[in-house]
Structure formats: C-alpha cells, structure tokens
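Read-outs throughout are calculated quantities, based only on the coordinates presented, and are distinct from any laboratory measurement. Everything numeric in this text was worked out from a predicted model, so none of it was measured. All Cβ positions, glycine included, derive from the backbone under ideal geometry; neighbour counts span all protein chains shown.
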Amino acid sequence: MLKITGEDGAKEGAIELLSIELVRTDVEKQLRKRADAFRSQADTRSFRSAKYGLMFHWHTWTAPRHGPLLPYAEAVRNFKVEPFVEQVLATGAGFVTITTSHSDMVIPAPIQSLDAVLPGRTSERDLIGEIADALNKHGVKLFLYYHLGSNSDPAWQKASGFWETDTTTFWKNWCAVIGEMGDRYGDKLAGWWFDDGTTSYYYRSAPWEKLANTALRGNPQRLVGFNSWILPPATEFQHLFLGESQPDPTVMGTLKPSDNGMISSGMYRGLQASAALTMEQEGWGHSKLEAEIGPPRYTAEQLTGMVRRFEALGNVPIFNCSIYQDGTFSPKTVEVIQAMKRLLAKPITIDPEAKLKNEGSSGISVAV
C-alpha cells in the first residue's frame with residue numbers, strides 16, 4: 001500500500017499498487033498495433049443496438065423453487081429450454097449471457113477437452129447448443145460466461161495446473177476448452193464474458209493475444225471481454241468493458257455522448273462499454289432452498305430511466321436475473337422488464353450525464 005501526500009494541505013490518500021510494468025518502446029508499439037488490429041475485426045454496432053441484455057448465473061448451487069437441490073447432471077437434463085426462452089423473449093432483451101464454469105468447473109455440454117483434463121464435468125445433453133438454437137431462431141444472441149479457476153473447485157485447480165508456477169499447461173488446457181467450444185457453436189456464440197481478468201488471469205502471465213484469438217475460433221466476429229471489475233484492464237486484446245456492478249453510464253466520465261459507446265478516455269479507452277448489474281435484491285444468483293427469488297430492486301420507471309441514460313451514450317446494461325434450477329426465472333422480474341419495455345416505446349426527455357439511484361425519481365419525463 002502506498003500513501004499519496006496531498007499538496008497545499010490536502011489530505012493524504014492511499015493507493016493499492018497492483019504491478020509495475022516495464023516494456024521497450026518498440027515492443028509496446030508492436031503490441032498496440034496488433035491489439036488495435038484485433039479490436040478492429042469485430043463490429044460492436046449490433047451489440048449496442050440490442051439496448052440491453054440479460055445474464056443468468058445458473059450453476060451447481062442454483063436452487064429449485066421447491067424441493068431439494070438436484071445434482072448438476074440431473075439439473076442439466078431437466079432444464080426447461082422452451083419456458084426459459086419464452087421468458088427471455090417477453091423481456092425484449094437482445095442477448096443473453098449464461099454461465100458455464102463458475103464456482104465449480106462444469107460445462108453443460110459434451111466438451112471432450114474438459115473431460116480429458118478432469119472427467120465427469122460435462123453432460124451428454126448439449127444444453128448450451130439447445131439454448132443457442134432456440135434463442136437464435138428469434139434473433140437473440142448468446143454470450144457465455146466462463147471462470148478460469150472455479151474458485152471452490154480444488155480438484156479442477158489441481159488437474160488443470162491452476163496453481164503451478166509454470167502456467168504453460170494451464171493455458172494449454174484453457175485454449176483447448178475455449179477453442180473446442182468456439183468451434184462447436186460457431187456464429188451461434190456471439191461473445192465471451194471471461195471473469196476475473198485482472199484479479200486472476202493477469203497474475204498467471206496470460207498469453208493474451210493467444211487467448212483472445214482462441215476465443216474467436218469459429219466466429220471471427222465474436223466479442224470478447226476479460227472482466228476487470230473496477231480495476232485497470234488486464235489487456236488490450238479484448239473488445240468489451242464488462243462493467244461489473246458499474247451503474248454509472250458515463251464510466252466515471254470517460255464515455256461521452258459523441259463516443260457511440262466506445263470509451264474515449266481513461267484506462268478503458270477503446271473498449272465498448274457495457275455494465276453487468278444485479279436485477280434482484282439477492283444479488284448474482286438464487287441459492288436458498290424453499291424460497292422465492294427476491295423482488296426486483298428497480299421499479300419499471302427507474303429501469304426505464306437507467307436504460308435510456310445508457311442508450312444515449314451507447315453503453316449496454318446487462319441485467320443479471322436470478323434463476324431457478326429448472327431454468328425459469330421470477331415472473332415479477334419479467335413483469336418489471338416488460339413494463340420497462342412499454343415505457344421505452346414512449347418519447348422521453350433524458351439527461352445522459354445523470355447519476356443512477358436505486359430509489360426515488362428516475363430523472364426522466366415520459367410522454368403519456
């Protein structure tokens with residue numbers, strides 16, 4: 001921890017120093033040129049035109065609405081794709097992000113490269129493929145969330161080489177899994193939401209360019225983001241600022257109305273802005289047995305104000321909705337988003353610089 005001495009009597013401050021990087025000027029220029037070329041391959045206009053998306057943390061710990069927690073393999077077999085897609089369509093969301101690995105390394109699809117590292121963590125049913133096909137029929141895109149280390153899974157960490165000082169084997173395994181999934185789903189997979197980019201990838205000397213290009217296998221137009229939370233981005237080989245829990249549509253003043261969603265200044269410069277925000281009071285997922293998913297944290301009016309402020313800047317909010325183990329989510333959440341969709345169809349006056357508050361006035365004027 002470093003202390004900063006203020007000038008002219010200003011208070012002292014403290015900063016947490018993550019790293020100091022030394023790079024030759026010629027190497028830095030070469031890396032930046034290749035990163036710029038990587039970013040230029042993808043077109044983020046369709047991502048912005050979606051206006052908003054949904055995210056679902058559906059995993060081994062996801063609780064049913066009633067009854068005991070089923071084993072993950074059984075839950076995969078029982079997942080109700082049609083009701084899930086019907087609820088998604090009712091919200092008007094343009095894309096969906098759903099978890100693969102999270103606290104445990106499991107993938108709801110027959111991914112051979114994962115079985116080669118740690119058998120028994122995949123499924124015979126290709127649930128990802130079924131969801132992708134069902135969504136794509138209606139023009140809704142699919143993104144996948146992937147956590148590299150699965151924080152509560154020591155068996156995976158040991159088998160994959162997660163803790164080894166020489167990370168060669170670990171990144172080889174990562175590329176095998178991600179590459180196989182990219183090839184399998186092709187253009188049905190619109191993007192990757194890679195978690196802990198700064199807090200976990202970075203410290204393992206990630207071969208960023210190789211990882212980013214592997215993530216594009218099967219679809220060169222696929223969008224890639226390595227989540228940095230509120231920390232500096234770990235790499236320039238990505239397209240998206242994922243904005244975990246970042247409700248400020250201006251991204252701390254670095255995104256201007258004239259930027260069309262591409263952050264023009266600050267540490268996230270050059271990335272398409274997005275924000276992952278929890279929709280219900282309980283947070284990122286539903287894990288409590290014999291309990292209903294909690295109520296939405298926003299009214300329809302507040303949600304409308306938020307989406308309009310984001311849309312004016314080209315920033316794309318992603319609302320994380322809690323989900324039950326059978327693949328259905330809260331009717332109350334669907335109702336609020338539906339009401340927001342109706343309000344979005346009405347002409348309004350907005351202030352794109354306004355700050356979002358979870359309670360009180362939405363700061364918008366809606367014509368009726």
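Compare the Cα positions of S245, A234, H138 along the charge dipole of the chain (+1 at Cβ of Lys, Arg; -1 at Cβ of Asp, Glu; about the Cα centre) and return the one farthest towards the positive end.
So the residue furthest toward the plus end is H138.
Given S101, L114, V81, which one lies farthest toward the positive end of the charge dipole of region 79-132, if we put +1 on the Cβ of every Lys and Arg and -1 on the Cβ of every Asp and Glu?
S101
Using helices alone, what [θ] at 222 nm do you get for the chain, with -39,500 (n - 2.57) per DSSP H run of 4 or more residues, divided over all residues and rounded to the nearest 500?
Counting only the DSSP helices, I get -9500 deg cm²/dmol.
Give the shape of region 44-353 as rounded, prolate or oblate, defined through the alpha-carbon gyration tensor: a ≥ b ≥ c are the square roots of its eigenvalues, a/c under 1.5 means rounded, and otherwise the shape is prolate if a/b is larger than b/c and oblate if not.
In terms of gyration-tensor shape, oblate.
For a Förster distance of 22 Å, can you work out the FRET efficiency between the beta-carbons of S245 and A312, rounded to the nearest 0.05?
So, using R0 = 22 Å, E works out to roughly 0.60.
Highest first, please rank the peptides 208-218, 140-150 by the mean number of other Cβ atoms sitting within 10 Å of their residues.
Ranking, from highest mean packing down: 140-150, 208-218.
Given 0.36 nm per residue, what is the gain on full extension from A14 to S205 after removing their alpha carbon distance, in nm?
66.1 nm
Return the tail of the calculated pair distribution for region 59-117, meaning the percent of Cα-Cα pairs more than 12 Å apart.
Of all Cα-Cα distances in region 59-117, 75 percent exceed 12 Å.
Considering only DSSP beta bridges where both residues belong to region 44-353, give the percentage that are antiparallel (nearest 5).
Just about 10 percent of them are antiparallel.
Want the number for L89 to L289: 0.36 nm per residue separation, take away the alpha-carbon distance, what's left?
Residue separation times 0.36 nm, minus the Cα-Cα distance, leaves 69.3 nm.
Cut-off under 18 Å on the C-alpha distance; same-chain residues fewer than 8 positions from K332 excluded. Which lysines are left, in chain and number order?
Within reach: K288, K341.
Where does the charge balance sit around Y145 when Lys and Arg score +1, Asp and Glu -1, over other residues with C-beta under 12 Å from its C-beta?
-3
Going highest first, how would you order 275-282, 93-100, 197-204 by mean Cβ packing within 10 Å?
Output ranking for 275-282, 93-100, 197-204: 93-100, 275-282, 197-204.
Testing the spin-label approximation: label points 7 Å from Cα along Cα→Cβ at T5 and R269. State their distance in nm.
Computed distance between label sites T5 and R269 equals 3.0 nm.
What length, rounded to one decimal in nm, is gained on full extension from D43 through to Q221, with 0.36 nm per residue of separation minus their alpha-carbon distance?
Difference between extended and current length: 63.4 nm.
By the gyration tensor of its Cα atoms, with a ≥ b ≥ c the square roots of the eigenvalues, what is the shape of region 23-165: rounded for a/c under 1.5, prolate for a/b over b/c, or oblate?
Oblate, because a/c is 1.5 or more while a/b does not exceed b/c.
Label-point separation (nm) for L231 and E82, each offset 7 Å from Cα along Cα-to-Cβ?
Going by the 7 Å Cα→Cβ label model, 4.5 nm.
Classify region 147-245: rounded, prolate or oblate, from the alpha-carbon gyration tensor (a ≥ b ≥ c, eigenvalue square roots; a/c under 1.5 rounded; otherwise prolate if a/b is larger than b/c)?
Since a/c reaches 1.5 but b/c is at least a/b, the shape of region 147-245 is classed as oblate.
Among 289-295, 52-58, how do they line up by average Cβ neighbours within 10 Å per residue, starting with the highest?
Top of the packing list down: 52-58, 289-295.
Whose amide H sits under 5 Å from the amide H of W193, counting only residues 5 or more places off or on another chain, with H placed in the peptide plane?
Sorted by chain and number, the residues that satisfy this are L144, Y145, Y146.
Quote the convex hull volume per residue of region 7-94, based on C-alpha atoms, as a whole number of Å³.
Hull volume over Cα atoms, normalised by residue count, gives 336 Å³.
How far is it, in nm, from the label point at R125 to the one at K332 when both lie 7 Å from their Cα along the line to the Cβ?
My value for the distance between the label points is 2.8 nm.
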